[in-house]
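Please treat every number below as a calculation from the coordinates, not as lab data. Being a predicted model, the structure only gives us computed values, none of them experimental. All Cβ positions, glycine included, derive from the backbone under ideal geometry; neighbour counts span all protein chains shown.
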Amino acid sequence: MSTRPSVPSPPRLNGTPKAVIPFIVRFFSHPAPAPLLAHSSTPPEFQSEAATWKSTWDCGTFASSRMPSYPQQPPFSCPLRALITREIRRASEATGGCGPDSYSPSPSSSSSSAPFGCLFKPPTMRIQRKPFVAFRLSAFSILADSRVSVGGNLFSRRGYRGSACQKEMEECGMEGNKKAKTWSLPGKDKEFKMGRMIFCNRSLNMKNIAAVGFDMDYTLAQYKPETFEALAYEGTVRNLVTNLQYPVEIKKWKFDCKYMVRGLVLDKRRGNILKMDRHKYVKVAYHGFKEMSKEEKIKAYGKTLIRDAFDEPEYALIDTLFSLAEAYLFAQLVDFKDKYPGKFPPETDYIRMYKDVRAAVDMCHRDGTLKRMVAQNPGKYINEDLSIVPMIKMLRESGRSVFLVTNSLWDYTNVVMNFLCGTYNMEVGLPCKFDWIEKFDLVITGSSKPGFFHEENRANLFQVDPESGMLQNTELGVPIPQIGTTLQGQGSSSKELKRNKVFQGGNVAHLHKLLGIEASYQVLYVGDHIYGDILRSKKVLGWRTMLVVPELEKEVELLWDSRKTRKELRSLRRERDLIEDQIHHLNWSLKFDALDDHARNQLSFQRENLESERDRVRHQHQKIQRERHQNFHQVWGQLMKTGYQNSRFAHQVERFACLYTSQVTNLGLYSPDKYYRPTEDFMPHEFDILED
């Protein structure tokens, strides 16, 4: 009677044999399936475990008592379950196997060049699916476990992120139902952080909105400044040296993604970076990275008969997150030219340097460097937001059309939207799918905003074939047949429906016709660009607008934490006003009253004491105000304030954005029929009375 050979149990780590780790590392970190478990991929410390595991596998004990017990249904969502199943199946097929349902226990079929052979072997007998399910769970537990050193980067080469997968697991129940972060979820706690609130400048009743539109870059797709903007910065520096003959020393420069903020103004002629209040008074100014004194600011911008408008062409407005890298590079070049003027041709002034920086940035976009790098690994450059799809679904289920209008062309749009709205299958070297298109009623790429918002813009509207990227002429969205062909009827297949949704170019009149919009006030458009998305769509069309300000979330939290400091500053200002008023009374008496020497000396002594007290209060106020300023940002302070006035950026937000918020998905935290109402406006004569 034959007996099963005695085999020791393989060592385990978090329920998974250690010898499986080389398989997981090699498979998930390799851009394409490769022969699995090759000898070179097994760390030396795992050799003995590998031999034990192979013996266990070859003896057939893998399918029985050697595997831990798991429920038949893996405890995570269908997308993730499908992800891991597909990956391991693909590996099996690449190595000659036929998937998890196939297995040969014969030792003779194992490879002699690898300590394990292939994980799945040619089909000679059928086994239960449970071992494969268990293996998937064990493998995933390592990938999501931050305590394992390899767990943090296993997904990186294929576009996956371990943190997102861990988050996915935590938000899924045993049945795999994802907890959607939307208002519509039954029983959901409606409380959320103040930084995720939507703030209202003008009343907006969502019941009047028939269509909600989104920009893509920096709206749906929030780029990571530490990687994406650094990538743009490096490409710009490279172009300056290679194509515009700038000194090679600048190649060593590094980009500080936290230095610049939106709302700044570049003075191209003087090489200054300015932050102004809503009245266009310069409050903070730097020449390169050197802070300008009060006297220098007054000399440059205060002693003029005609006030400067601070607009193009002498000034550049830093209103988008795309512009931060070029602003930082301009400041570096200003400092470098001041220190080493001989390294630049005599005709190169600050204006010339800014034009060169802009030209180098444009080169990066034209040669496709940025887009190519993002396409290779979207997760490295774009923040994942699992609430985008539930938000879009909620808006469409509420009876509203949802559209996308972006200046990016189709190829790049498809890459980014696949990453944001696809089914977690973004892989290096594999073609993108088009399922995300079904989540929108209309997609317009290459829109050339803000020109898109002018109906007199005569740009043609082309239909895009998602698979080939080919363009077809249309007449108001209806394809025009070519000579010798006839126009086919509108198909109802999934492929035809996707093609009929994607267009390039055109203008706002095309969009209104395709969506059946009767009045411009029925459209809410969400974007991140004051000029390109918000100002034009608001002033020219009368669309309702929502501005995405990612910096707002942190700013609101800091405002909340600094409430006591703000009250202290207001108290010090009042105290200073009272002291100064007393000093003015004494000065008046000393100048106009008939006083004897004794009385005059007494008043002079009181005035000196009051002046000392005023200076003390002023210095204390300045100290606390500077600390508060630096708490928001070390250089530029609060985004929405400049001193006690709204900043230029805040003034634009107030004028042109009906709503503003920190993230586009905050829209999903509110009812799709919500009536947004603004807070009461206060005049200075009302503020103190109502506050008291």
**Study point:** Amide H contacts under 5 Å for Lys641, placed H, 5+ residues apart
**Key:** Ser647
Review point. Relative to the Cα centre, what is the charge dipole magnitude of segment 225-376, using +1 at the beta carbon of each Lys and Arg, -1 at the beta carbon of each Asp and Glu, and rounding to the nearest 20 debye?
Key: 200
Check your understanding: Using θ = phi - 60° and the Karplus form 6.51 cos²θ - 1.76 cosθ + 1.60, what ³J(HN,Hα) does each residue of segment 504-514 get, whole Hz, x for Gly and Pro?
Key -> 9, x, x, 9, 5, 5, 4, 4, 4, 5, 5
Check your understanding: Based on the Cβ-Cβ distance of His454 and Arg677, what FRET efficiency does E = 1/(1 + (r/R0)^6) give at R0 = 30 Å, to the nearest 0.05?
Key -> 0.45
Check your understanding: How would you rank Lys254, Lys433, going from fewest to most other Cβ atoms within 10 Å of each one's own Cβ?
Key -> Lys254, Lys433
Exercise for review: Report, please, the projected area of segment 553-691 averaged over directions, based on the convex hull of its C-alpha atoms, in nm².
Suggested key: 12.2
**Study point:** Test item: Cα-centred dipole of segment 553-691, Lys/Arg +1 and Asp/Glu -1 on Cβ, debye
**Key:** 500
Revision key, fill the gap. Taking r as the C-beta separation of Ile351 and Lys554 and R0 as 30 Å, the FRET efficiency to the nearest 0.05 is 0.30
Point to revise | Taking Tyr354, Tyr412 and counting other C-beta atoms within 10 Å, the order from fewest to most | key: Tyr412, Tyr354
Practice item. Would you mind calculating the gained length between Ser612 and Thr304 on full extension (0.36 nm times residue separation, minus the Cα-Cα distance), in nm to one decimal? Key: 107.5 nm
Study note, to complete from the structure: Put in order of increasing Cβ neighbours within 10 Å, starting from the fewest, Asp581, Asp435, Asp528, Asp217 give Asp581, Asp435, Asp217, Asp528
Practice item. Find how much the distance from Val540 to Glu654 grows on full extension, using 0.36 nm per residue of separation minus their present alpha carbon separation; answer in nm with one decimal. Key: 39.3 nm
Practice item. Please go through segment 618-655 and write out the chymotrypsin sites (Phe, Trp or Tyr not before Pro) that DSSP classes as loop and that have at most 14 other C-beta atoms within 10 Å. Key: Tyr644
**Study point:** Members of Lys371/Lys513; Lys258/Lys554; Lys258/Lys290; Lys433/Lys501; Lys283/Lys554 lying beyond 20 Å, as alpha-carbon distances in this model show
**Key:** Lys371/Lys513; Lys283/Lys554
**Study point:** Cα→Cβ-extended label distance, 7 Å offset, between Glu580 and Asp593, nm
**Key:** 2.2
Exercise for review: Between Gln602 and His279, take the C-beta separation as r, use R0 = 41 Å, and let me know the FRET efficiency to the nearest 0.05.
Suggested key: 0.45
Point to revise | Leu404 long-range amide H proximity, modeled H, under 5 Å | key: Phe214, Leu442, Val443, Ile444
Revision key, fill the gap. Expected vector for segment 672-689, Karplus 3J(HN,Hα) from phi with 6.51, -1.76, 1.60 and θ = phi - 60°, integer Hz, x for Gly and Pro, equals x, 10, 5, 9, 7, 10, x, 6, 5, 7, 10, 8, x, 6, 8, 4, 5, 5
